Amino acid sequence: MAEEKVFLVRVLNLERDSGYFHAQSGTFAPGDRCIIDHSGLHMGIVMGVLAAGEGIGEQLEQLIRKATASDVDAYAHNQAEAERVLASTREVITSHDLPMHLVAAEYTIDRAHLRIYFTAPHRVDFRALLRDLAGRFGVRIELRQMGARDEAKLKGGIGRCGRVLCCHQFLHDPTPVPMEFAYDQELFVPPERITGVCGRLMCCLAYEHNAYKAELAQMPKLGTWVSYKDKRGKVIAHNIFRRTVTLLTGDHDRVEADLAQIKPASAARSQKD
């Protein structure tokens with residue numbers, strides 16, 4: 001069976017897609033800028049070359065050719081033109097009195113397709129708007145509504161940690177983070193302390209969620225009475241990193257106890273008896 005070459009390409013679009021593409025001809029190496037057919041012509045960067053089985057290429061989108069100097073110029077020009085598109089689109093939205101907040105816009109390399117991203121508090125009937133925009137720009141236009149997490153992913157920013165937002169840098173498929181993740185990690189803090197720039201709970205709460213659950217399952221639950229050395233106390237806090245629990249004793253003292261040295265209060269009584 002003959003082997004075919006497939007290419008892992010990072011698409012230089014706003015959504016920063018990555019995928020496998022097939023080339024009918026030409027030689028490509030990692031780092032090459034290329035033109036791909038990805039719902040329209042886009043520029044991309046070859047990230048890797050792989051050998052695949054026969055017939056795989058027929059199922060993939062096409063890597064058309066290496067990017068030329070004029071392609072690079074067109075890409076830069078289209079990025080600049082996107083700002084003009086947003087300003088002009090805001091004027092049309094205002095005339096239609098639609099509750100839309102524009103996020104970004106981008107052209108395909110050949111300027112045959114224009115995609116405009118926006119947020120809105122609910123679904124918007126933008127059919128009349130679409131007709132006006134098509135007449136103004138003279139290209140095929142797609143209006144794509146997105147949520148708050150998607151907007152943060154697209155625009156980027158700096159998180160509470162001082163680093164570039166995860167969703168913009170590497171977390172390309174952010175998912176909703178329920179409040180239970182914070183409870184499971186005993187983060188009893190005001191919601192704004194664990195809220196990201198998108199207004200939703202921070203994605204990083206999901207990174208160590210399973211580890212927290214596994215560690216806390218080995219510790220006595222909050223409110224449990226235990227015995228530590230010659231004291232009895234109620235568990236009021238856990239520290240999974242030091243593997244300790246904080247106890248509030250009957251004398252209202254706070255004691256940090258090593259997990260290996262505590263016993264259930266009932267067991268301690270039975271041994272003493």
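Each reported figure results from applying straightforward, stated rules to the coordinates on display, with no laboratory input. These numbers come from a predicted model, not from an experiment. We place every Cβ from the backbone using ideal geometry, glycine too, and count neighbours over all the protein chains shown.
Taking only the Cα atoms of the chain, the radius of gyration and Dmax are 27.9, 90 Å.
Ordered by the count of other Cβ atoms within 10 Å of each Cβ, fewest first, 8, 205 give 8, 205. Scanning residues 5 or more positions from residue 113 or on other chains, those with amide H under 5 Å from its amide H are 108, with H placed 1.01 Å from N in the peptide plane.
In this structure the amide hydrogen of residue 144, modeled in the peptide plane, comes within under 5 Å of the amide hydrogens of 116, 117, 118, none closer than 5 places in sequence on its chain. Descending by average beta-carbon neighbour count within 10 Å, the peptides 24-32, 114-122 line up as 114-122, 24-32, the highest first.
In angstrom, the C-alpha Rg and Dmax of segment 68-224 are 20.9, 70.
Magnitude of the charge dipole for the chain, about its Cα centre and with charges confined to Cβ atoms of Lys, Arg (+1) and Asp, Glu (-1), is about 1080 debye.
Could you tell me the relative contact order of the chain? Use alpha-carbon pairs under 8 Å, at least six residues apart, and round to a whole percent. Please list the in-between numbers first.
On the way: 435 pairs, mean separation 26.2, N = 273.
Reported relative contact order: 10 percent.
At the listed q of 0.29 Å⁻¹, the Debye profile of segment 151-206, built from one uniform point per Cα, gives log10 I(q)/I(0) equal to -1.27. Fraction of C-alpha pairs exceeding 20 angstrom in segment 4-67: 14 percent, rounded to a whole number.
Got a sec? How would 132, 258 order by Cβ neighbour count within 10 Å, fewest to most? Present the calculation step by step, with values, prior to reporting the outcome.
Numbers: 132 16, 258 11.
By the 10 Å Cβ count, ascending, the order reads 258, 132.
For the chain, the number of Lys pairs with C-alpha atoms closer than 26 Å, counting only pairs eight or more positions apart or on separate chains, is 16. Scanning residues 5 or more positions from residue 13 or on other chains, none has an amide H under 5 Å from its amide H, with H placed 1.01 Å from N in the peptide plane. Shape class of segment 225-272 from the alpha-carbon gyration tensor: oblate, with a/c at 1.5 or above and b/c at least as large as a/b.
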